[in-house]
Structure formats: C-alpha cells, structure tokens
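The values are calculated or read from the model by the stated rules, or taken from the named source; none is laboratory data. Just so you know, these numbers come straight off a predicted model, no measurement behind them. So basically every Cβ, Gly included, is an ideal-geometry build from the backbone, and we count neighbours across all protein chains shown. For accessibility, only protein heavy atoms count, side chains too; no ligands or nucleic acids. Shrake-Rupley method; radii C 1.70, N 1.55, O 1.52, S 1.80 Å.
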Amino acid sequence: NHEYMATKKAESGKKTAAKKAVKTTATKKAVKTTAAPKHIGLVKNDSYLEPYEDAIKGRHDHVLWKLSQLTKNGKQTLSDFANGYEYFGLHKTDRGWVFREWAPNATDIYLIGDFNDWKESPKYRAKRIQGTGNWELKLSEKALKHGDLFKMKVHWEGGEGERIPAWARRVVQDEKTKIFSAQVWNPEPYVWKKKTFKPKTTPLLIYECHIGMGQDAEKVGTYTEFKENVLPRIIKDGYNCIQIMAIQEHPYYGSFGYHVSSFFAASSRFGTPEELKDLIDTAHQKGIAVIMDIVHSHAVKNEVEGLGNLAGDPNQYFYPGDRHEHPAWDSLCFDYGKDEVIHFLLSNCKYWLNEFHFDGFRFDGVTSMLYYSHGLGEAFTCYADYFNGHEDDNAICYLTLANCLIHEVNKNAITIAEEVSGMPGLAAKFTDGGYGFDYRMAMNIPDFWIKTIKELPDEAWKPSSIFWEVKNRRKDEKTISYCESHDQALVGDKTIIFRLIDADMYWHFKKGDENDMAHRGIALHKMIRLVTASTINGGYLNFMGNEFGHPEWIDFPREGNGWSYKYARRQWNLVDNKDLCYHYLGDFDREMINVIKSEKNFNKTPVLEIWHNDGDQVLAFMRGDLLFVFNFSPTKSFTDYGFLVPTGSYSIVLDSDNVAFGGNGLNDDTMTHLTNYDALYVEEHKEWLKLYLPARSALVLKKN
C-alpha cells in the first residue's frame, strides 16, 4: 500500500566538515572506515557501482557531517540528542506537572480540558521559553489528575485552534462524538517481568499482525485479547518475531495505521499502554521478538488531531510548496532537512525502544522518502536511476541516522526497510556506505508469484525462473522473503489462496468435497511457501491468517460496507475445524518453519543448486544437510528421478503430498533413502539419490 512512493528534495549538503572527529559509537567506526580505502565498502562489494562512488561517498559524508552537528562534535551521543520525549509533552515531576511544546509560530498556548471546563484560564497558560520556539507550563500536583482529557488552545497571528500536543503519549476518542483528545496518563509504572531480552532470530521468522483485526469476533480486538488468543498460536506455529501494525495513533481505523496523527501514542482503540507493554513482555518471556511498523514517511493531514497545522504554520513539520503533500497518499511529507523534525523522529524511535521495549522497526514507505518523485511512475531499470539527482539527501541522511541511533540504543535491535525501487546499500552497513538497515523486504517475490499465477498456465511454471527470483538479492544485503503480506490481503487485491482457488473456497474446502481447483490450490499454496521460505538469506514473513489460507480479504469498517467488521477480523474457527481443509495448510506451515529451524545457522548456509529441469519442472537444492526437491508439473509424476548428492542416507522430514497436509500420500515417508554408487563421482563424494516425485509436490530430506 505504501510502496510506490518517494519524497523530497533537500540540501545536497555534502560538507567537508564530515572529517571532524565524532565520538559516538557509530561515528568512531564510520570515521575509521572512511579513512580513504581505495573504494568504499559498498563499491568493493559491487564493482558496477564504481561510476557512482562519489555520490555514495557524498551521501555518507553528509550523514557524518549531520551526525557531527547533532552530537556537538562528539560532546554527546546521538542517543543523547534523541531524548526529546523526556523533555517535551506532559510529565509528572516531584514538584507537580510540567508541559512543553515546540510551536515557534504560536503567540499564545493554553491547556484546556476537564480540569478547567475546556476554557482558557491564566493558571493553564504556557510561557514561551526566551530565545526559542518552545513553550512551557508548570502546574501543581493537584492541577491535573490521571484520566483528565485535555488539548492545547493555540493562538497565532490571524487565527487560533484546538490541538492535540505533538508529543502526547495518550490519545483517546470519545465513542459518541468521535472527537479525539489527549489524556493525562499517570498510572502505576509497569513492572517488566523480562527486563532484558536478546532476540534469537537466525533466521528471522516474522508473523505480521494487526491487533484490532486479530480476533474472530466482529469488533476491534485488544492488546490483552491478542496476548491471550493469538500469541499462543504464533508460538505454537514456530515464528520467533511478531511485527505489529497500526500501533501509532491514527484517526481513521481503515487507514491500517498508515495515516498517523500522534506519533508517541500507542493506539488507545486496542487498550492501554500498560496492556501493550504486557503483551510485549509476555512475548519476550516466550522468546518472541516484537517489532512495530513505524511510519515516518508521511503524516495524516488532520489539523486538530495531527501535525498538519499545529500553530498556524502548515510547514512547521512538513516541506513547503509542491513537496508539502504526497500526491498518492493524501498525506503530508516531513521536512527531513530541519533539525527539529529529525529530533522529533529520532526521539520517536528511541521512545518506542525504551518505553515499550520494542525490539526494532519495520520502516514503512521508504521508497517514498528516498526520491522527490516518491518513486511514482519510475521504472528503476539500471544503477543510474538511483544516482540521477532525484534522490532526497535529507531523507537518506535521516534514515541512516535512524539506523545509527536504533543500534546505539539497542545493539540487538532489528530494522527492516519496506522499499520497492531496489536502492543499493539500503541494508548494507553504514561503515560501508550503506544506510544501515538490517534487512530489506524482498518485494520482488510477491510480485513474481502474483504475475506467475495470473499470467502463466501451470505447465509454463519454470523452476529456473522461480529459483532465480527467490534468490534475486544483493550479496551484501539481507532480505525478508515473503509470498504475501497484508498488502496482498486487502480489498482490491487477492491473497495467493484466493488467486489459486477463488470462489471454490466457499464451496469445496470441506474434507471429502474438494474439487480439482481446491486440490490444485492446496498443493501450490504449500509449494510456493516452501520454495520461498527455504531460500531466505535473512528472514521470512507471513501475514496473520495467510499461513492457513484465510479466505476473506481485509475490508475495514467504512461507509461503503455499512461500517461492518465482518472482513476486519481473522476467522480462527476455520483452521481449528478439522472437518475443513484450512488446517492442512496451517499444519504444513508449522512443520515447514520447524524444518527450517532444525538446520543450524540456516541463514549462513549457502543455497546450493543440485538440479533444475524446466521441461520436467523439477528443482532441487541443498542447504546444509537439508535437500529440497520440487516437482511443479501439474500432470507428470516421476519414478526413480535421480540427483547427484553427497553420499549417505536421507530421511524425509517434510512431504507436501502427505495426507496430513491434504495430499495424496503417494510416498512412504518412513523410508530411509540410500544413495547409489557411481565410480565417476567418487572423488566428489557424491552418489545418486533416486526418488519418487508426485506431480505438484515437494519433499524435504535430511542427510543422516
């Protein structure tokens, strides 16, 4: 939904001041690496980037210059700079309350709320801090109480308006009036049961989820319900990370959380901040990492709820002129060239890490940030397209700083970029001239599967093309592979299971009543997932419910559907019903994840092609002791199909055709397969392994 995008232009700012000694952890390493090797690391790893080395170094130097500036030439750390959330907003102190807001264009600011009948009063009038654009209000302990609703009443030259503070940590909506207000929030501090947590994420196996639509009931689910009802399923299925969408407060539920209004407030429609912390804490106790979708690529236009016109200056947080609005998203584009905006966004990253113990972020809409065009209408067919002057240096600088900060705050943190253009270096180390993300989304893979299913008959599926596509990535960047995410499950698109079976899912997904379309869909759904997950070099992602072929698209309550929650939920009852076929897919997914986890250091194990034959539609490859074999042919089964593999015996550990997964059970999965001697390959320690390969099936064998 946010991947054909891009953003702004900015100061090209290639400052020679970058060579100054900067003393933050990230910068020390960067300065050493930039001491002028023949080529910067990114170019060393890819000689085709040599013509663009000056641009790569220029971007790198721009970050070093800005880092030096923000850290006062190393007198403080970047983490020190990102402490804005501890200063701005509403805070309880030993002496009472203090409220602060950055609003340089304001002429007057009052707090109005339950405590003063929503009227301006001298007691609640803030003062401008001399020489700054900041405002401050100090109040006695009795002036506010936990639960009070409030807003700012902001005055400016020629106007005034009620506003929710930009740094508000708690924002709630009145059920009757639908009006949003900030809320005084001062409960007993949450006591973390798991105080420290180090993710075990090799490989990273992500369960992408949405709290509100995580329940079977037609309603908005809560953090607590998710903890009690969905988290146990994720644990049982073997995933080691959950990626939660729509955490930052957003006025319109149907935006999927991508039109954010209050960046520091966990969405109150799902519960309290403490309940979110309890969910994360519980996940950590079970060994599950928790990352959040963070939206720094744009903001909602709303003025009362959001940042659109906080104090009479629509450009306080956003670019002026023709770069102010995003042409495709009906939203506003941050001005990453302003230090105050960088301060706001970096502080936001640190806040979620420290306050809620999130383990990292999936950055939404990165393509939109990288280019003045937001990536709209651009093909990106060669390297020159990434270095032709349409890149936003300010945004590139911000993203790199964000990665430096996040890993400075938590060295084990996970950062993922959702980026469609293929910008080189996005998930490469900062010290190599990259942007510092740990992973990038392999967005080519779902596009490939959609195109294949839509355009090619089953007989034309080529293993060589499939194998190339699922491994199409840069050697120095780790990716998150996936067949489909929430994007493919939205109204207006189709999930893989729906593309394969369509309406027959409603009539022929009961055991014993499957037709050919259902059998085909069940078989290919498993194979598509297995070939995608088994070739990862970083991680694998699945969207909530897709693992068992959830039949309904996602359609949030809106005027066009009568504000119904019917399609904004997950029907767990379908996978739990053993009379239906859904559990076949869910059970297979679970075993697939377990097989991947069974190979130590799966990510670091090379993907070694054993064989492919496009005529037969057969593919085989090894990772460590695991042998993956696919027969994509819809009609041809093969007896004694031979592969040259390391000498030894092999046992089947996963069979997509097993009756337990809705298959025909044509193989004896208890049988041990021995390799057959061939004098020609003695020195290579290889022999022939001969297998029976049923049509539309996949096997995983483990070398004993």
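Asn601 to Asn444: extension gain in nm, 0.36 nm per residue of separation minus the Cα-Cα distance?
Working: separation 157, 0.36 × 157 = 56.52 nm, distance 2.47 nm.
Separation in residues times 0.36 nm, less the Cα-Cα distance, equals 54.1 nm.
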Could you let me know the centre-to-centre spacing of the range 401-415 and the range 599-645, using Cα atoms, in angstrom? 38 Å
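Could you order the peptides 128-134, 439-445, 286-292 from most to least packed, using the average number of other C-beta atoms within 10 Å per residue? List each step's numbers first, then the result.
On the way: 128-134: 11.9, 439-445: 23.9, 286-292: 20.9.
Result, highest mean Cβ count within 10 Å first: 439-445, 286-292, 128-134.
Heavy atoms only, probe 1.4 angstrom, no DNA, RNA or ligands counted: give me Leu456, Leu405 ranked by accessible area, highest first.
On the way: Leu456 75, Leu405 0 Å².
Order by accessible area, largest first: Leu456, Leu405.
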Debye log10 I(q)/I(0) at q = 0.15, 0.28 Å⁻¹ for the range 380-438, Cα point scatterers: -0.45, -1.28
Can you give me the % of accessible surface on the chain that is carbon or sulfur? Probe 1.4 Å, all protein chains present, nothing else counted. 49 percent
At 7 Å along Cα-to-Cβ for each site, give me the label-to-label distance between Asn573 and Ile179 in nm. 3.9 nm
How many angstrom lie between the C-alpha centres of the range 364-398 and the range 150-217? 31 Å
³J(HN,Hα) computed for each position of the range 546-561 - Karplus, 6.51 cos²θ - 1.76 cosθ + 1.60, integer Hz, glycine/proline x: 5, 5, 10, x, 3, x, 9, 6, 9, 9, 6, x, 7, 4, x, 10
Show which lysines lie in cross-link reach of Lys119 when reach means a straight Cα distance below 22 angstrom and same-chain residues fewer than eight apart are skipped. Lys127, Lys138, Lys142, Lys145, Lys151, Lys153, Lys176, Lys178
Hey, can you find the accessible area per residue of the range 445-494 for me, probe 1.4 Å, expressed in square angstrom? 45 Å²
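Taking only C-alpha pairs under 8 Å that are 6+ residues apart, what is the relative contact order of the chain in percent?
Numbers: 1486 pairs, mean separation 91.5, N = 704.
The normalised contact order for the chain reaches 13 percent.
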Check: C-alpha center the range 486-529 vs C-alpha center the range 416-447, spacing in Å is 31 Å
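Report Rg(Cα)/(2.2 N^0.38 Å) for the range 119-276, keeping two decimals. Could you put the intermediate results ahead of the total?
Values: Rg = 19.4 Å, N = 158, 2.2 N^0.38 = 15.1 Å.
This ratio for the range 119-276 stands at 1.29.
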Give, rounded to the nearest 20 debye, the magnitude of the charge dipole that the range 202-263 has about its Cα centre when Lys and Arg contribute +1 at Cβ and Asp and Glu contribute -1 at Cβ. 120 debye
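How much mean residue ellipticity at 222 nm does the chain get from its helices, if each DSSP H run of length 4 or more adds -39500 (n - 2.57) and you divide by all residues, to the nearest 500 deg cm²/dmol?
Values: 17 runs with 169 residues, N = 704.
It comes out at -7000 deg cm²/dmol, rounded to the nearest 500.
Over the chain, what is the percentage of antiparallel beta bridges among all DSSP beta bridges, to the nearest 5? Could you put the intermediate results ahead of the total?
Values: 73 of 102 bridges.
Bridges in the chain that DSSP calls antiparallel: roughly 70 percent.
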What does the accessible area per residue of the range 277-343 come to in Å², with a 1.4 Å probe and no ligands, DNA or RNA counted? 28 Å²
Mean Cβ count within 10 Å, highest first, over the residues of peptides 66-75, 459-468, 220-229, 259-268: 259-268, 220-229, 66-75, 459-468
Heavy atoms only, probe 1.4 angstrom, no DNA, RNA or ligands counted: give me Arg569, Arg558, Arg529 ranked by accessible area, highest first. Arg558, Arg569, Arg529
Spin-label model distance (nm) - Asn676 vs Ser649, 7 Å beyond Cα toward Cβ: 1.9 nm
With θ taken as phi - 60° and the coefficients 6.51, -1.76 and 1.60, list the Karplus ³J(HN,Hα) couplings across the range 245-261 in order, rounded to whole Hz; mark glycine and proline as x. 8, 6, 7, 5, 4, 9, x, 9, 4, x, 6, 6, x, 9, 10, 7, 10
Just grab the label-to-label distance for Trp192 and Lys44, each label 7 Å out from Cα along the Cβ direction, in nm (one decimal). 3.5 nm
Please compute the per residue accessible area over the range 171-253 with all protein chains in place, 1.4 Å probe, rounded to a whole number of Å². 44 Å²
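Over the chain, what number does the Rg to Rh ratio reach, with both radii from the alpha-carbon atoms and Rh per Kirkwood?
Working: Rg = 27.1 Å, Rh = 27.1 Å.
Over the Cα atoms of the chain, Rg/Rh equals 1.00.
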Taking the Cα centre as origin and putting +1 on Lys and Arg beta-carbons and -1 on Asp and Glu beta-carbons, what dipole magnitude results for the chain, to the nearest 20 debye? 2680 debye
